[in-house]
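Engineer: For reference, the structure I am asking about is given below.
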Amino acid sequence: MKNKCLMAVVLLLVGFSGVAAEEEALAGDTLVTDPMLLFPAPVTNLEGRDSDNDHGHSVDLSWELSPDDGAGQRSVMKYDIFRWIPTLMDSADVIRSAIGVALTAREVDEVPGADWNDTLRFLRDVLDTLIVQFPAAHAAYPNDGEWRRVGMVPSGEGCFEHSGPKDRLSSDFLPDYCDFRFRVDAVTSDESIRTSSDVAGPIQCYGQWFNSGRKPVLVGVLVFGFLTILMVSRARKGADLYVRPISGIEAVDDAIGRATEMGRPILYVLGLGTAADVATIASFTILGRVAKRVAEYQTDLIVPTYDPIVMSVAQEVVKSSYLDAGRPEGYNEDTVHFVTQSQFAYVAAVNGIMLRQRPATNIYMGMFHAESLLLAETGVEAGSIQIAGTDQIAQLPFFIVACDYTLIGEELYAASAYLGREPVLLGSLKAQDYAKAAVVMLALLGLAASNFALPWFVNLFHVID
Amino acid sequence: MNRSTYIVVGVVVVLFLLSWILKAVSLSGEDHRYILHGFLITMSAFLTLAIFSFLYRDNPFYKFAEHLFVGVSAAFWMTQGFWSTIVGNLIPRLSAGFSEFFMVPHQPSPWNIAYWIPVILGILLLMRLSAKYGWLSRWPLALIVGTTAGLNFVRYLRSDFIVQVSSTFVPLLGREPHQWQGGGAFISHLDLSATGQLAALLTNWIIFLGVFCGIVYFFFSKEHTGVFGRASRVGIWVLMITFGASFGYTVMGRISLLVGRVTFLFRDWLELIS
């Protein structure tokens, strides 16, 4: 009996140990890890295309995020972007470094030596030769090149812009019309655990001639240009284009008459703009009108100028006016003279003219800056009647308080059309008026659209830089 | 020149010399070029006061300062233009010999007509000095004016027209666009605080009406009578209020320039303030 109990205990013990061993074996099986389970899923649908509306040297990449993006044990923390780069690019980098060294050496050497110039010329020729071979080198994929990381984006982002400067001497130079190939690695917190995507490419980058983000500007140019041509042609055919009277313009003739009666000269200041500024161009037309009257009345005219080009144009304008008035012999070369291109030195000189020559009339038409009040106040001191016109908003207050008549902003442009009555000027003025009417209508429509949920109309005026 | 003029000029000269000597003495302890610096500071103060004397009336000192200023500035800008543009930008790209003569680094590059066109146009412009060939200068002048006008056309159309139009698309019925949910919702959510909805609405309405009436004022194809005239009147009021604000703001800036000059006189010249 005793032996049977003992046998039963032994059998039970053997049985339990076997079960335990089996359980232990089972437990050991679940602890064995599959290496593939540590690697994240790759990104999919990697696509690349040339960046729009640029001068080239830029590629946009996009992809669908890895399913392990920011989640789970295989959480993707970032995406590394790789580009296949031919070894020829390294040779170009070596040449660029040599050019940099030569430039530095030439600068350090105070007397520029002919040797360095020859060296630089040679190196630049070599670099140009290498750059010409870039397309062929890229097309040789997968030979003679390697994958290199060109960027990184954090998890959650599925796009990347790979761009470089257009300067061929820059180490980041990205050539156009080369077959680029990209891949994107999904990377976990352990840099060594990553999964590569399929290769995307070939992708080429190139510049665009037309920036489609600026279509509103194109439409505006076409519409306004058409309006101007239409109105100018109507003016040339003799249509009576009405322009409302502007008090400052009507005072010009009176002021010229006043100067003639008093026997004192007229001072005409064209401002500090260049010959390419709109205000200065408008001022030339008014100067022509004033000069013609001055020639008819045989009054003296003083035109001190700030810019040499403006002086040249003003001389031509005044000379033509004297010819039109039938008094070419009355034209004096010293009427229009250059003073200086320093702002306050010019003002000092003009102030001196005002107080010494005591003009009866001062006419300020053009682009002015901080000197506007200096000129106007000195004119008041000299007892001159003053007529001013400028499109500089910051200077208009000073002219308004110190001058007898002021042409505000666009009235200066209208003055040139009103006085000259030339078809081109009148036509462009009418076109501007129609454009203003269009602005008002578009503003009203845009207000209605933005306030009543019609964003497509508001987006029509969105201009991309 | 009468006797009083001689006396005034003499007094000014004596004061100038006295100031120079005193200034040089005060600088002698810390500056080894004290005589030169004493002269420069005295000269600066003298020229400042000479220009300020214009506030009284025109006088020989102002004339001297004015002519000195005009002459020096004209010469400065001429040499600056020559050395920075012609010598700095053009010659290094055209000729190794000239580059060596002017001691500037030569920038060897393939022959490029783009560098020679401005040379030719510049020479044509200088033909203005000739009575016989002066007409040639009209070509570069026409190119300058026409090219810049054409380039500016697109630039101004974008910045001064299209962007301005889109900037007037302000919400008139709510703080943000597309929030109009009926009159009842508007009144129930009405907020009369300074930073609330009502203030934003008032601001936007003022912007809208100011732009509208300002454009009406600058409309030249119609007489400003009737409703049109009243809108034009509102427009000019808006303009004048804006000019007044701009005037006050700019005057503050000009006063700061005066403060700078007075500080120089009292600190650097007279050493009355630290």
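Coordinate-derived values only; no laboratory data. None of these values were measured; they are calculated from a predicted model. Positions of Cβ are backbone-derived with ideal geometry, glycine not excepted, and every protein chain shown enters the neighbour counts.
Engineer: Dividing the convex hull volume of the Cα atoms of segment A:247-421 by its residue count, what figure in Å³ per residue is obtained?
Structural biologist: 94 Å³
Engineer: Taking the beta-carbon count within 10 Å as an exposure proxy, list B:250, B:147 from fewest neighbours to most.
Structural biologist: Listing B:250, B:147 from fewest to most nearby Cβ atoms yields B:147, B:250.
Engineer: Given N residues in chain B, what is its alpha carbon radius of gyration divided by 2.2 N^0.38 Å?
Structural biologist: Dividing the Cα radius of gyration by 2.2 N^0.38 Å gives 1.66.
Engineer: Considering only DSSP states other than H, G, I, E and B, which trypsin sites (Lys or Arg not before Pro) in segment B:51-103 qualify as loop sites with at most 15 other Cβ atoms within 10 Å?
Structural biologist: Filter output for segment B:51-103: B:57.
Engineer: Using a simple charge model, +1 on the beta-carbon of Lys and Arg, -1 on the beta-carbon of Asp and Glu, nothing else, what dipole does chain A show about its Cα centre, in debye to the nearest 20?
Structural biologist: 1440 debye
Engineer: Right, here's the next one. State the three equivalent ellipsoid semi-axes of chain A, derived from the C-alpha gyration tensor as the square roots of 5 times its eigenvalues, in descending order and whole Å.
Structural biologist: Taking √(5λ) for each eigenvalue gives 79, 32, 22 Å, largest first.
Engineer: Still on this structure: For a quick check of your reading of the filter: which GluC sites (Glu not before Pro) in segment A:156-206 sit in a DSSP loop and have no more than 14 other Cβ atoms within 10 Å?
Structural biologist: Taking segment A:156-206 and a limit of 14 other Cβ atoms within 10 Å, the loop GluC sites (Glu not before Pro) found are A:157, A:191.
Engineer: Could I ask something else about it? Roughly what angle does helix A:308-324 make with the longest principal axis of chain A, taking Cα atoms, 0 to 90 degrees, to the nearest 10?
Structural biologist: 40 degrees
Engineer: Within segment A:55-138, list the GluC sites (Glu not before Pro) lying in a DSSP loop whose Cβ has at most 11 other Cβ atoms in a 10 Å radius.
Structural biologist: Passing both the DSSP loop test and the Cβ count: A:110.
Engineer: To the nearest whole number, what is the average tally of beta carbon atoms from other chains within 10 Å of the beta carbons of peptide A:400-413?
Structural biologist: Averaged over the peptide's residues, the number is 2.
Engineer: Still on this structure: Rounded to the nearest 500, what is the 222 nm mean residue ellipticity of chain B from helices alone, with -39500 (n - 2.57) per DSSP H run of 4+ residues and division by all residues?
Structural biologist: Calculated at 222 nm, the ellipticity per residue is -22000 deg cm²/dmol.
Engineer: Looking only at other chains, what is the average number of their beta-carbon atoms within 10 angstrom of each beta-carbon in A:334-341?
Structural biologist: 3
Engineer: From the convex hull of the Cα coordinates of segment B:1-95, what is the mean projected area in square nanometres?
Structural biologist: Mean shadow area of the hull around the Cα atoms is 9.6 nm².
Engineer: If packing is taken as the average number of other Cβ atoms within 10 Å across a peptide's residues, how do B:221-230, A:298-307 rank, most packed first?
Structural biologist: The peptides rank, most packed first, as A:298-307, B:221-230.
Engineer: Along its three principal axes, how long is segment A:235-317 when you only count alpha carbons? Whole Å, largest extent first please.
Structural biologist: Its Cα atoms span 37, 35, 21 Å along the three principal axes.
Engineer: Quick one: Debye curve from the C-alpha atoms of segment A:38-203, no solvent, what's log10 I(q)/I(0) at q = 0.12, 0.13, 0.17, 0.19 Å⁻¹?
Structural biologist: -0.63, -0.71, -0.99, -1.12
Engineer: Here is a further query. Kirkwood hydrodynamic radius, segment B:1-57, all distinct C-alpha pairs: what's the number in Å?
Structural biologist: That comes to 12.4 Å for segment B:1-57.
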